[in-house]
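Report on the following structure.
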Amino acid sequence: MTLINLAGVNKHFGDYHALRDIDLNIHQGEFFSLLGPSGCGKTTLLRVIAGFEDPDSGSLHIDGRGMAGVGPNLRPTNMVFQSYAIFPHLSVAENVGFGLRRSAMSKPDKARAVGEALEMVGLGGYGNRAANALSGGQRQRVALARALILKPKVLLLDEPLSALDKKIREQMQVELMKLQREVGITFILVTHDQEEALVMSDRIAVMFEGGIGQLDDPETLYRRPATERVAGFIGMMNFLRGQVTSTGAEIEVEVEGLGRCRVPAEQAPGGVSAGAVSVGIRPETLSLLFEGERTDRMEVAGRVDEVVYYGDMTYYDVAVDGIEKPLTLSMKNLIGRPVLDVGMPTRVAWDERSLVLLGR
Amino acid sequence: MRGLRFYAIAYLVFLYAPIALLPLFAFNDADIIAFPLSGGTTRWFAELTQSASLLDAARNSLIIAATTAVLSTVLGVCAARAATMADWPLKRPMMGLIMLPLVLPEIIVAVSLLVLAVQVFGLGLSNTTIIAAHTLICMPFSIAVLNGAFQNLDPALEEAALDLGETRLSAFRLVLLPLVMPGIVSSLLISFTISLDEFIIAFFLSGANPTMPVYIWGLLRFPGQLPVVMALGTILVALSIVLLTIAEIMRRRGLKRAGLRDRGGFL
Amino acid sequence: MARAALTAGGKRGLILVSPPFLYALLLLAVPLATILLFSFWTQDYLDIDTRFTIANYVEAFGDPLYMQLLRRSLLIAGAVTLVTVVLAFPIAYFVSFHVAPARKSLWLFLITIPFWTSYLIRVFLWKVILGYNGVLNSSLLGVGLIDEPLSVILYNANAVVITLAHAFAPFAILPIFVALEKIDRSLLEASMDLGETRVTTFLRVTLPLAMPGVVAAVLIVFIPTIGDYVTPRLVGGPDGLMIANMIQTQFLKLNNAPMGATLAILAMLSVTAVSLVFIWLNRRWLRGPK
């Protein structure tokens, strides 16, 4: 069920076209992410939904209601700001209860609601602390509690995890997901970190330069990116040059170094026409064949160009005859498995089913 | 570097030396201001309390200073809020005009207002003209202090308040005002002090009732009155120092409340 | 530079800034325009002749008295500025580089307090100090350093310079301090790492980067000093009078408002001209932005 509908939304800042004809539907109860590099317009879009920016054209409906002329204080949305915006002159409890000031609840009811909200974010008992004496992670939870206590239809999160240390960030990602399932409302997250988006979201809108490049669930985005840009932004991708020789339910493509391949049309999610095309292969779909190893799959010969050790994985760059750039592939560091040196000759196993034909 | 520290101390002594003379000679039992000292007395202070015209001048100055402080701070809050939180066409020239009195010699301000009030509009001179002029010159100082206070605020704080249901006005009252309150208090105290001490404009625009500095100026003609002036000066300087210490304590407390680092001074 | 478009936030800002702006327009811009107008009129006792004329300006440039007064005012203001800024720089440097951060605001507070006390009283104190029977002379006589009281220290231009330098000291310290604080300390470390000594680092890195603060300090002292009235009156004697005293005389004693206005305009113009020359010279010398 659609909760938020944006149609033809445009926004300019002076000469700068920040949002270009955005059409978007966000469903009730989903964890939705706006993902993209800096300057792509994702934060602007979030602020349009929140009511801090007015679109120059187009419409926004939340739960069937038009939001034109409705200020941020009257919308069924609440926001967690990138800087958390915790009121430094108030205590934690006063911060969390701030939005209840105008409600008709009695004082004891308000106090109870604040207590419950703090419990929900894991800060039970912190009510009397001074807000400006908290750590970054704690402030973020206060910001969450403060927004959720008002039971909004939509929770908007503006890069909430970017200021946190890596370990805490990963912890919070899981906690946010659990929180969203528990509370059951729609979450809209803005982030530039594609891993974060993949981990937490039900659906992701990848944005570039004010427009939406692709809108899909994480798995589809990862395995079937529509364009080179999306493919390159999410995860690592090898790009090979190819020539499409015939299209239809099955596509014939001549790939540099790999020869002639036949792939079903789903492996060209953006659609292709005859002629030059970019062929993507994810590193984890390629395997290094060690001395004496055999495989049913296709193989090509090459030489190790670069070795990068990551602890649980090792990434290899392998220069293959006929392919312009070295192929990057990853191998799990299993016990007993050797790590090759730079310069050693080797073979790479690959599968037609892992090819993705990309539009421009 | 020890040489530099010595210089710094010497500099401070040079700054304070003249002021230190005030209490020294205010309690000195002599008619002229010169060394050697001749014993203590409080008769100069006693003379102060008996002067009706002095008390009138003092009351005048206080009324003018208090009114100026309030007006200057209110206008200053408007200008500082606008300047730190928004941009509009012609912003820089407009702010430039408002801040201009900082770099104009006061005599120019005094003279031009005198001409306008008296020669053009035929208005009489009174406390009101002085209040108007003092507010004009205090406004830039208020704005300088309040700019700092507003700039230290996270702009997201106001947006958060709006997001949580407040209107612009109530967001200002509940979130911004408490956080800039130390700046407001500083602005009030600074404007008050400036107005209290200001001479040239008051001299040009005084009506029948002189302000304190104008009154002192009158006293300076009479050599016999010099010790009394020292006594008066001692009180005024002590008062200024107390007010400013309070302003500084408030400023520091404000910074602590907002959880910010102290970068020194009103700047 | 492109003009900002008027956004919703900008409109709110414009509305909010209009009370103070209109206030400044009415009480500053309009009066200034008025005295400009007056400088082109003439006054005979109490009647103002509003026919446009440049007679006042002719008289001002022609009469050696006015020009001498203006020149003296510029020189005194220049001397005050030089003394004040040169003396202020080491203090600003000291507080910025040799005082622990926790103590900096205390030092600044101590430095600025004298500035907030009554200007009139402070000038008067210098009169008392420098006088024939004053504090300085009586202590020097008492200690035996001199046989007769010095008369060269009061009622002349020297006294004016000393008094004003004292009064405006904190004005000069603060802008220099702010500029010095902004200097990234790692720049100095990089300079020494590249082979410079502490002295040459100061000359090649610190001083140029502090220049905007020095320029600000120069202007903040020079401009108000020209128009000072009280100090020349109290300690200047006949040789130490400055242009503001003459302006006052024209207005309040001679009933010649147009002439007073003319002198005021000339004073403002010369100040602006000197300031602009100074800023331009600085820009050329530094070749840097701002």
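The values are calculated or read from the model by the stated rules, or taken from the named source; none is laboratory data. The structure presented is a predicted model; accordingly, all values stated were derived computationally and were not measured. All Cβ positions, even for glycine, are placed from backbone atoms using ideal geometry, and neighbour counts span all protein chains on display.
Key figures for this structure:
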item	result
Residue check, B:LEU75 within 11 Å of chain C (Cβ to nearest Cβ), buried (at least 20 other Cβ atoms within 10 Å of the Cβ) and at pLDDT 90 or above	yes
Boolean, B:ILE201 is over 23 Å from B:TRP44 (Cβ atoms), in a helix (DSSP H, G or I) and either away from chain A (no Cβ under 14 Å) or modelled with pLDDT of 80 or more (or both)	yes
Hits in the stretch A:316-337 (condition: within 19 Å of A:GLU293 (Cα to Cα) and surrounded by 11 or more Cβ atoms within 10 Å (Cβ to Cβ))	A:TYR316, A:VAL318, A:VAL320, A:LEU329, A:SER330, A:MET331, A:ASN333, A:ARG337
Within the stretch A:113-156, tally of residues that are assigned to a helix (DSSP H, G or I) and either surrounded by 15 or more Cβ atoms within 10 Å (Cβ to Cβ) or within 14 Å of chain B (Cβ to nearest Cβ) (or both)	22
Some residue of the stretch A:253-263 being touching a residue at least 60 places away in the same chain (Cβ under 8 Å) and under 30 Å from A:VAL199 (Cα atoms)	yes
Test set (1) assigned to a helix (DSSP H, G or I); (2) more than 8 Å from every other protein chain (Cβ to nearest Cβ) - C:SER138 fails condition number	(2)
Hey, C:LEU37 surrounded by 14 or more Cβ atoms within 10 Å (Cβ to Cβ), over 22 Å from the mean Cα position of the chain (by Cα), in a helix (DSSP H, G or I) and aliphatic (A, V, I, L, M) or not	yes
Residue count, the stretch A:68-88 (criterion: touching a Leu at 6+ places or on another chain (Cβ under 6 Å) and in a loop (DSSP other than H, G, I, E, B))	1
Subset of the stretch C:123-135 [assigned to a helix (DSSP H, G or I) and within 7 Å of another protein chain (Cβ to nearest Cβ)]	C:PHE124, C:LEU125, C:TRP126, C:VAL128, C:ILE129, C:VAL135
Selected residue (only one of C:LEU110, C:LEU120 is assigned to a helix (DSSP H, G or I), buried (at least 20 other Cβ atoms within 10 Å of the Cβ) and facing another protein chain (nearest Cβ under 8 Å))	C:LEU120
Qualifying positions in the stretch A:54-82 - among the polar types (S, T, N, Q) and within 12 Å of chain B (Cβ to nearest Cβ)	A:ASN73, A:THR77, A:ASN78, A:GLN82
Single unsatisfied condition, B:SER191 versus (1) within 17 Å of B:VAL74 (Cβ to Cβ); (2) modelled with pLDDT of 90 or more; (3) surrounded by fewer than 20 Cβ atoms within 10 Å (Cβ to Cβ)	(3)
Single unsatisfied condition, B:PHE45 versus (1) modelled with pLDDT under 90; (2) within 12 Å of another protein chain (Cβ to nearest Cβ)	(2)
Count of the stretch A:1-53 residues which are within 14 Å of chain C (Cβ to nearest Cβ), in a loop (DSSP other than H, G, I, E, B) and free of Cβ contacts under 8 Å to residues at least 40 places away in the same chain	4
Residue pairs meeting the criteria (Cβ under 7 Å; at least 6 apart or on separate chains; first more than 9 Å from chain C (Cβ to nearest Cβ), in the stretch B:10-36; second surrounded by 14 or more Cβ atoms within 10 Å (Cβ to Cβ) and among the polar types (S, T, N, Q))	B:PRO23/B:THR234; B:ALA26/B:THR234; B:PHE27/B:THR41; B:ASP29/B:THR41
Members of the stretch A:90-112 that are surrounded by fewer than 19 Cβ atoms within 10 Å (Cβ to Cβ) and under 29 Å from B:MET181 (Cβ atoms)	A:LEU90, A:SER91, A:GLU94, A:ARG101, A:ARG102, A:SER103, A:MET105, A:LYS107, A:LYS110, A:ALA111
Residue match in the stretch A:153-162 (condition: of a type outside the set (A, V, I, L, M), farther than 27 Å from A:ASP216 by Cα, in contact (Cβ under 8 Å) with a residue 40 or more places away in the chain and touching a Pro at 6+ places or on another chain (Cβ under 8 Å))	no
Test: B:LEU125 is under 28 Å from C:MET242 (Cα atoms), at pLDDT below 90 and not in a helix (DSSP H, G or I)	yes
Helices (runs of 4 or more DSSP H) contained in the stretch C:145-220 and holding at least 3 residues more than 14 Å from chain B (Cβ to nearest Cβ)	C:157-182, C:185-193
Out of B:ARG59, B:ARG5, sole residue that is away from chain C (no Cβ under 14 Å), over 30 Å from B:LEU157 (Cβ atoms) and not aromatic (Phe, Trp, Tyr)	B:ARG59
Listing of strands (runs of 3 or more DSSP E) fully contained in the stretch A:216-274 that carry 3 or more residues being buried (at least 18 other Cβ atoms within 10 Å of the Cβ) and β-branched (Val, Ile, Thr)	A:250-255
Subset of the stretch C:38-56 (residues that are in contact (Cβ under 8 Å) with a residue 60 or more places away in the chain and of a type in the set (A, V, I, L, M))	C:LEU46, C:ILE48
Residue satisfying condition, being within 14 Å of chain A (Cβ to nearest Cβ), at pLDDT 85 or above and surrounded by fewer than 23 Cβ atoms within 10 Å (Cβ to Cβ), within set B:LEU255, B:LEU260, B:LEU174	B:LEU174
Options B:ALA110, B:ALA160: the member that is at the interface with another protein chain (Cβ under 9 Å from one of its Cβ atoms), closer than 18 Å to B:SER72 by Cβ and buried (at least 21 other Cβ atoms within 10 Å of the Cβ)	B:ALA110
Total residues in the stretch C:235-273, condition aliphatic (A, V, I, L, M), part of a helix (DSSP H, G or I), more than 9 Å from every other protein chain (Cβ to nearest Cβ) and free of Cβ contacts under 8 Å to residues at least 60 places away in the same chain	2
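Rundown of residues vs (1) modelled with pLDDT under 90; (2) surrounded by 24 or more Cβ atoms within 10 Å (Cβ to Cβ), yes/no style:
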| site | (1), (2) |
| --- | --- |
| C:ILE153 | yes, no |
| C:ALA157 | yes, no |
| C:ILE162 | yes, no |
| C:ALA167 | yes, yes |
| C:ILE173 | no, yes |
| C:LEU180 | no, no |
| C:SER186 | yes, no |
| C:GLU189 | yes, no |
| C:LEU194 | yes, no |
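Rundown of residues vs (1) out of contact with any helix residue (DSSP H, G or I) (no Cβ under 6 Å at 6 or more places or on another chain); (2) of a type in the set (Phe, Trp, Tyr); (3) away from every other protein chain (no Cβ under 13 Å), yes/no style:
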| residue | (1), (2), (3) |
| --- | --- |
| C:PHE21 | no, yes, no |
| C:LEU27 | no, no, no |
| C:VAL30 | yes, no, no |
| C:LEU46 | yes, no, no |
| C:THR53 | yes, no, yes |
| C:LEU65 | yes, no, yes |
| C:LEU75 | yes, no, yes |
| C:VAL83 | no, no, no |
